[in-house]
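Only one structure is covered here, and it is reproduced in the block below.
Only the coordinates and a few stated rules stand behind these numbers; no lab work does. The model shown is predicted, which means the values in this text are computed figures rather than measured ones. So basically every Cβ, Gly included, is an ideal-geometry build from the backbone, and we count neighbours across all protein chains shown.
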Amino acid sequence: MVAFCALASCKNNKREHKNYAFFMVPKDPTIRRKWQEFAKWKEVKDYYYLSSILNPYTTINQ
Ligand SMILES: [Zn+2]
């Protein structure tokens, strides 16, 4: 399955949005809870991702 952004207003997917990084939902329950509040999910699935536009300067410095 292609990773997609689970944010309702976004829905970017990894195949079509190559200038985005995709972060899988964290295992840590505390951090996961923060993601849930941020994204307003009713429940969180292990295959959820959030996308973030890649910062070219960050990439160069890695
Ligand atoms: Zn997104």
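Helix content alone sets the calculated 222 nm mean residue ellipticity of the chain: runs of n ≥ 4 DSSP H residues at -39500 (n - 2.57) each, divided across all residues, give -7500 deg cm²/dmol.
The H on the amide N of residue 5, modeled in the peptide plane, is under 5 Å from the matching H of 11, 12, 13, each at least 5 residues off or on a different chain. Taking 0.36 nm per residue of separation and subtracting the Cα-Cα distance, full extension of the segment from residue 45 to residue 1 would add 14.4 nm. Based on alpha-carbon atoms, the Kirkwood radius and the radius of gyration of the chain give Rg/Rh equal to 1.00.
Modelled this way, with points 7 Å down the Cα-to-C-beta line, the labels at residue 22 and residue 37 are 2.7 nm from one another.
In order along the range 44-52, the phi-based Karplus estimate (6.51 cos²θ - 1.76 cosθ + 1.60, θ = phi - 60°) of 3J(HN,Hα) comes to 10, 9, 5, 8, 6, 10, 10, 9, 9 Hz; Gly and Pro are listed as x.
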